[in-house]
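Novice: Handing you this structure, nothing more for now.
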Amino acid sequence: LLCAALPFVRQLESRNQRCPCFLRTLHVGGTIRTCQKFLIQYNRRQLLMLLQDCTNEEERRCIQKSLLSCSLTEEQSQSGDEEDDNGTE
């Protein structure tokens, strides 16, 4: 059912903001573990392709720096009125 519904998703909405999107199925696996293994390999291949397309060492360092700075933190609200779960802004 999920694979049948994904092509019909055209936008995502959050906090009254709509973002156009396009969802694409990369892999269908039997378990979460096999899907995770696939994603690790897929991301490694994509990173290698991205780094091979770099024309100089500065671009390569910028890509590596941006990858290392990635984190799974919640984005702060634009208005500043809302607080995080621990009570800090």
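The values are calculated or read from the model by the stated rules, or taken from the named source; none is laboratory data. Computed from a predicted model, the values in this text were never measured in an experiment. Backbone-built Cβ (ideal geometry, glycine too); neighbour counts: all protein chains shown. Accessible surface areas use protein heavy atoms only, side chains included; no ligands, DNA or RNA. Shrake-Rupley method; radii C 1.70, N 1.55, O 1.52, S 1.80 Å.
Novice: In the range 1-39, which residue that is within 23 Å of residue 70 (Cβ to Cβ) and of a type in the set (Phe, Trp, Tyr) is surrounded by the most Cβ atoms within 10 Å (Cβ to Cβ)?
Specialist: Looking at the filtered set, the residue picked out is 38.
Novice: Related question: Could you list all residues from the range 40-59 that are assigned to a helix (DSSP H, G or I) and open to solvent by less than 80 Å² (accessible area, probe 1.4 Å)?
Specialist: 42, 46, 47, 51, 59
Novice: Does any residue in the range 35-55 that is modelled with pLDDT of 90 or more come within less than 8 Å, Cβ to Cβ, of a residue that is of a type in the set (Gly, Ala, Ser) and surrounded by 10 or more Cβ atoms within 10 Å (Cβ to Cβ) six or more places away or on a different chain, and which pairs are these?
Specialist: Every condition considered, the pairs that remain are 35/29; 38/29.
Novice: If I go through the range 1-14 residue by residue, how many of them are in a loop (DSSP other than H, G, I, E, B) and at pLDDT 90 or above?
Specialist: 2
Novice: Right, next: Kindly list, by first and then second residue, each pair from a residue in the range 1-28 that is over 19 Å from residue 42 (Cα atoms) to a residue that is among the aliphatic types (A, V, I, L, M), limited to pairs with Cβ atoms under 8 Å and residues at least 6 apart or on different chains.
Specialist: From residues that are over 19 Å from residue 42 (Cα atoms), the pairs are 3/28; 6/23; 7/23; 9/23; 18/12; 19/12; 21/9; 21/12.
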